[in-house]
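The values are calculated or read from the model by the stated rules, or taken from the named source; none is laboratory data. It should be emphasised that the depicted structure is a prediction, and the values quoted were computed from it without experimental measurement. Cβ placement follows ideal geometry from the backbone for every residue including glycine, while neighbour counts extend to all protein chains displayed.
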Amino acid sequence: MRLSSTSIVLLCAGGIACAGSRQLSPTSATVAAITTTDLQHRLEIIADDSMMGRESGSEGDFKTAEYVAAEFRRLGLEPAGENGTYFQTVPFWTTAADPGSQLQVSGTMLKFGRDFLPGSPVAAPRQLADAEVVYGGALGSDALIGGDQAADRIVVLTPRDNSLRGLRLDPARFGRAKAVAIVMLDNLPPEMVARLRDGRPVADTSTNPGAMPILWISRSAATTLLGAATETMTQGTTGRRANGSFGFVHTPVRFPARNVVAILRGSDPVLRGEYISLTAHNDHVGFDHAPVDHDSLRAFNRVIRPMGADSPLREPTSAEWTRIHAILDSLRRVHKPRLDSIRNGADDDGTGTVSILEIAEAMSLGARPRRSILFVSHTGEEAGLLGSRWFTDHPTVPLDSVVAEIDEDMIGRALPTDFPHDGTGAGSPTYLEVVGAKRLSRQFGEALDSANAHQPVPFVFNLEYDQPGHPLQYYCRADHYSYARYGIPSLALSRGEHLDYHQVTDEAQYIDYPDMLRVSKLVYDTAMLLANAPSRPALDVPKPADPHGQCRQ
């Protein structure tokens with residue numbers, strides 16, 4: 001299914017019309033001003049079911065990049081990719097758990113996908129021959145076995161809770177283990193299971209000899225491996241012996257994964273060689289092979305997973321089931337059951353993508369800034385900031401001429417029914433998460449403060465996730481960091497996570513367009529302040545000595 005200039009009806013996998021399917025006309029005109037109508041029009045194109053979740057290396061993300069480039073071309077922006085084009089290709093492969101992986105314990109063959117899944121694509125394939133199993137303890141506690149006890153064994157670990165957030169493994173402690181088996185497969189988010197089984201894009205297929213080989217295992221598999229339930233065991237207790245092999249397989253992606261790069265040339269003959277970079281990522285996480293009921297999932301997530309994929313998956317209590325069914329009953333009065341399999345990524349990061357398109361249109365048809373504006377639509381953010389990292393490692397403009405960078409990611413949700421701020425509070429029109437603004441340059445951050453102060457309704461910045469040492473590591477997990485590691489003052493803006501994060505329910509119909517418009521205007525005003533300033537933002541700290549070194553929150 002390809003976008004064309006004629007209206008088309010779009011279907012999801014298996015020929016099922018997905019929730020949110022509609023007729024689109026991609027060539028509808030937009031206007032010079034940043035408007036809610038244009039933001040919605042653009043978002044309904046790139047977050048439609050025809051894009052199949054925009055995973056890097058997929059046809060959907062390829063078509064999205066084509067759309068972004070076509071808009072840059074229509075607006076008269078200069079191509080700044082490779083070979084005179086708007087595109088910069090990032091090498092990608094699809095990496096999936098090897099379906100031939102096997103694990104046998106005392107004559108019992110564990111089932112791939114149901115009992116275990118390989119979990120570390122960077123680890124070398126592992127052969128297990130009569131490997132002893134040992135219970136290592138509960139993650140997050142001080143009572144874990146040491147490195148000598150873990151050496152040459154399969155170490156079974158139980159998580160402190162069922163959340164992936166903050167889950168950390170110590171390579172020094174478990175680096176010599178044959179494998180580390182984490183008892184969490186029963187509660188592993190289905191979106192993560194799908195990406196392990198069906199594959200995810202990676203830019204490097206090499207393995208790290210020092211990487212821990214990880215297995216996600218079910219509770220029943222843990223009992224089989226140890227010979228008893230983990231609740232009955234103390235750390236250091238040995239179990240049975242296992243044989244088998246596991247790893248990952250790599251295949252080239254079907255479509256090139258591409259950054260889209262364009263320049264709005266500045267008006268000042270001296271300053272036009274410097275750039276303010278505005279960025280967002282065009283990729284998302286694809287689709288599932290097993291459709292789910294859209295409204296049932298939304299009712300469940302409203303109660304159990306208020307931050308979508310970042311909330312742990314668990315069994316509801318009786319009271320929670322009552323709330324879930326009440327919500328679903330109200331939705332059923334509006335909609336019949338509707339199957340959905342596509343993670344549309346409307347907020348993540350369709351909103352940032354269409355925001356920079358609207359800003360590009362407003363700037364190209366209005367008063368030109370003195371400095372040039374560099375627009376970069378990154379691929380591969382969901383695979384680990386790979387598109388932005390590739391761009392800054394292989395820049396298509398001199399990197400020292402990029403004087404500042406602003407990244408937008410998930411800027412479309414702050415309704416009262418949304419739950420920003422770690423899932424603990426209701427959304428607010430003034431809520432905005434800001435990360436990195438004053439890490440390298442106070443002058444850079446003050447430009448954002450000044451632009452915000454002049455907004456009709458200023459935002460209240462949440463700076464919690466910018467704090468050094470914050471366990472969620474947001475400073476290291478957004479595309480802006482790919483620029484900051486080269487000493488470029490950079491920041492990330494987000495309205496926060498919500499129940500549709502990385503779910504099939506992240507659709508354009510749930511976006512708060514008026515407040516998304518306000519974020520776009522804030523970015524526009526901040527970029528214009530920086531682009532028209534007499535000097536580039538001054539650095540207050542030295543540039544990082546090694547841009548490829550370990551990021552420090």
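Summed over the range 141-153, the residues that are out of contact with any Gly (no Cβ under 8 Å at 6 or more places or on another chain) and part of a loop (DSSP other than H, G, I, E, B) give a count of 6. Among the conditions (1) in contact with a Phe, Trp or Tyr (Cβ under 8 Å, 6 or more places away or on another chain); (2) assigned by TED's automatic domain parsing to the domain that holds SER56, the only one that ASP349 does not satisfy is (1).
Only one entry of GLU44, GLU82 meets the criterion of being in a loop (DSSP other than H, G, I, E, B), farther than 30 Å from ALA129 by Cα and in the same structural domain as ASP409 (by TED's automatic domain parsing), and that entry is GLU82.
Per the listing LEU522, LEU472, LEU463, LEU491, the residue uniquely among the aliphatic types (A, V, I, L, M), at pLDDT below 95, out of contact with any Cys (no Cβ under 8 Å at 6 or more places or on another chain) and not assigned by TED's automatic domain parsing to the domain that holds PRO189 is LEU472. Scanning the range 57-104 for residues that are among the charged types (D, E, K, R), out of contact with any strand residue (DSSP E or B) (no Cβ under 7 Å at 6 or more places or on another chain) and within 22 Å of GLY286 (Cβ to Cβ) returns GLU59, LYS63, GLU66. Of all the listed residues (THR430, THR424), the sole one being farther than 20 Å from ASP540 by Cβ, in the same structural domain as GLY412 (by TED's automatic domain parsing), among the polar types (S, T, N, Q) and in contact (Cβ under 8 Å) with a residue 24 or more places away in the chain is THR430. Given the structure, is HIS294 touching a Leu at 6+ places or on another chain (Cβ under 8 Å), under 19 Å from GLU44 (Cβ atoms) and outside the structural domain of LEU517 (by TED's automatic domain parsing)? Yes; evaluated as a whole, the condition is true for this residue.
Scanning the range 279-321 for residues that are touching a residue at least 12 places away in the same chain (Cβ under 8 Å) and not in a strand (DSSP E or B) yields a total of 27. Candidates are the residues of the range 385-411 that are touching a residue at least 24 places away in the same chain (Cβ under 8 Å) and in a loop (DSSP other than H, G, I, E, B); the one that is farthest from GLU55 (Cα to Cα) is VAL397.
Summed over the range 186-228, residues that are within 23 Å of ALA143 (Cβ to Cβ), of a type in the set (A, V, I, L, M) and either at pLDDT below 95 or not in a loop (DSSP other than H, G, I, E, B) (or both) total 8. Take the conditions (1) modelled with pLDDT of 95 or more; (2) assigned to a strand (DSSP E or B); (3) surrounded by fewer than 23 Cβ atoms within 10 Å (Cβ to Cβ); ILE276 misses just one of them, which is (3). Consider the range 51-79 and keep the residues that are of a type in the set (Phe, Trp, Tyr) and either in a loop (DSSP other than H, G, I, E, B) or surrounded by fewer than 23 Cβ atoms within 10 Å (Cβ to Cβ) (or both). The one that is nearest to the chain's Cα centre (by Cα) is PHE62. Of the residues making up the range 517-552, those that are within 26 Å of THR353 (Cβ to Cβ) and either touching a Ser or Thr at 6+ places or on another chain (Cβ under 6 Å) or assigned to a loop (DSSP other than H, G, I, E, B) (or both) are LEU517, SER520, PRO537, PRO547, CYS551.
Scanning the range 232-257 for residues that are outside any strand (DSSP E or B) and over 30 Å from ARG195 (Cβ atoms) yields THR232, MET233, THR234, GLN235, GLY236, THR237. Checking every residue in the range 310-325 against the condition of being surrounded by fewer than 19 Cβ atoms within 10 Å (Cβ to Cβ), within 18 Å of the chain's Cα centre (by Cα) and not assigned by TED's automatic domain parsing to the domain that holds VAL376 gives at least one match. Taking only the range 379-414 into account, find how many residues are under 26 Å from ALA47 (Cβ atoms) and surrounded by fewer than 18 Cβ atoms within 10 Å (Cβ to Cβ). Selection size over the range 379-414: 1. Residue pairs whose Cβ atoms lie under 6 Å apart, sitting 6 or more positions apart in sequence or on different chains, and linking a residue in the range 35-57 that is under 23 Å from THR95 (Cα atoms) to a partner that is buried (at least 23 other Cβ atoms within 10 Å of the Cβ) and of a type in the set (Lys, Arg), are GLY53/ARG343. Which condition number in (1) surrounded by fewer than 21 Cβ atoms within 10 Å (Cβ to Cβ); (2) in contact with an Asp or Glu (Cβ under 9 Å, 6 or more places away or on another chain); (3) of a type in the set (Lys, Arg) is the one that ARG42 fails? That leaves (1) as the condition not met. Would a scan of the range 238-253 turn up a residue that is surrounded by 15 or more Cβ atoms within 10 Å (Cβ to Cβ), among the basic types (Lys, Arg) and closer than 26 Å to HIS284 by Cβ? No: zero hits.
Residue-level analysis places ARG197 outside the set of residues that are surrounded by fewer than 21 Cβ atoms within 10 Å (Cβ to Cβ), under 28 Å from the mean Cα position of the chain (by Cα), in the same structural domain as GLY236 (by TED's automatic domain parsing) and without any contact (Cβ under 8 Å) to a residue 40 or more places away in the chain. Just one of the numbered conditions (1) touching a strand residue (DSSP E or B) at 6+ places or on another chain (Cβ under 8 Å); (2) of a type outside the set (A, V, I, L, M); (3) modelled with pLDDT of 95 or more; (4) under 24 Å from ASP198 (Cβ atoms) is not true of SER364: (4).
Across the range 426-471, the number of residues qualifying as under 16 Å from GLU405 (Cα atoms), in a loop (DSSP other than H, G, I, E, B) and more than 23 Å from the chain's Cα centre (by Cα) comes to 3. Reported count of residues in the range 302-360, each being among the hydroxyl-bearing types (Ser, Thr, Tyr), farther than 30 Å from ALA65 by Cβ and in contact with a Gly (Cβ under 8 Å, 6 or more places away or on another chain), is 1.
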